[in-house]
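The values are calculated or read from the model by the stated rules, or taken from the named source; none is laboratory data. The structure presented is a predicted model; accordingly, all values stated were derived computationally and were not measured. Heads up, the Cβs are rebuilt from the backbone with ideal geometry, glycines too, and the neighbour counts pull from every protein chain shown. These accessible areas exclude ligands, DNA and RNA; they are computed on the full protein's heavy atoms, side chains included. Shrake-Rupley method; radii C 1.70, N 1.55, O 1.52, S 1.80 Å.
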Amino acid sequence: MTDRSSARQALFAFLEQLGITTSTIDHPPIFTVEDGAEHWADIPGVHCKNLFLCDAKKAMWLVVCPTDRTIDLKTLPDRIGSKRLSFGSADRLRRVLAVEPGSVTPFALVNDRASPSLTVVLDQWMMQQPVLNYHPLENTATTTISNHDLRRFVAACGHPCHEVDLT
């Protein structure tokens, strides 16, 4: 078993421990929203993207929204209460969430439970949709979860979380 597959199995075990039911579809690696379109066609629910961001005071943020949502990093700080934002480095992403660029996902919060170090921002409209889709720590699969269970998962990981209108 590879480190990636063991991490994925640990995630699924944690979800099961919480009583959260998911379904997962394996597919070729997806690095961009455009790459995913053909592989997601038969997977019901809202497909999402995830932005790992740092602000000018080095606070970290995970912004989760539908794939078609345009996020303006210049206006986002006022909406979420941060300082000026930029993308977090690949090294910081690996250190904090233990995932590779292209595999950022709210499920990676499972790797930052001991001392939660970032704030989660969930798109308000997305969280009104019943079924949501994210990578399970690697971009070679898509895992479907209910909005209610995503909230339970984030809370169980101990991260501050805000639902914000990102339109």
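Descriptive notes on the structure:
- Members of the range 76-114 that are exposed (fewer than 15 other Cβ atoms within 10 Å of the Cβ) and either touching a His at 6+ places or on another chain (Cβ under 7 Å) or part of a strand (DSSP E or B) (or both): 86, 87
- Flag if residue 20 is in contact with a Phe, Trp or Tyr (Cβ under 8 Å, 6 or more places away or on another chain), in a loop (DSSP other than H, G, I, E, B), touching a residue at least 40 places away in the same chain (Cβ under 8 Å) and more than 19 Å from residue 116 (Cα to Cα): yes
- Among (1) in a strand (DSSP E or B); (2) over 23 Å from residue 149 (Cβ atoms); (3) not β-branched (Val, Ile, Thr), the one test that residue 48 misses: (2)
- Just one of the listed residues (73, 62) is under 14 Å from residue 121 (Cβ atoms) and surrounded by 16 or more Cβ atoms within 10 Å (Cβ to Cβ), namely 62.
- Those residues of the range 45-95 which are aliphatic (A, V, I, L, M) and without any contact (Cβ under 8 Å) to a residue 12 or more places away in the chain, in sequence order: 90
- Once the range 65-75 is narrowed to residues that are part of a loop (DSSP other than H, G, I, E, B) and either closer than 22 Å to residue 149 by Cβ or charged (D, E, K, R) (or both), the residue that is nearest to the chain's Cα centre (by Cα) is 67.
- So residue 141, is it touching a Ser or Thr at 6+ places or on another chain (Cβ under 7 Å), small (Gly, Ala, Ser) and buried (at least 17 other Cβ atoms within 10 Å of the Cβ): yes
- Residues that are within 18 Å of residue 88 (Cβ to Cβ), open to solvent by 10 Å² or more (accessible area, probe 1.4 Å) and not hydroxyl-bearing (Ser, Thr, Tyr), drawn from the range 115-138: 116, 135, 137
- Search result, residues across the range 115-151 that are in a helix (DSSP H, G or I) and over 16 Å from residue 105 (Cβ atoms): 128, 148
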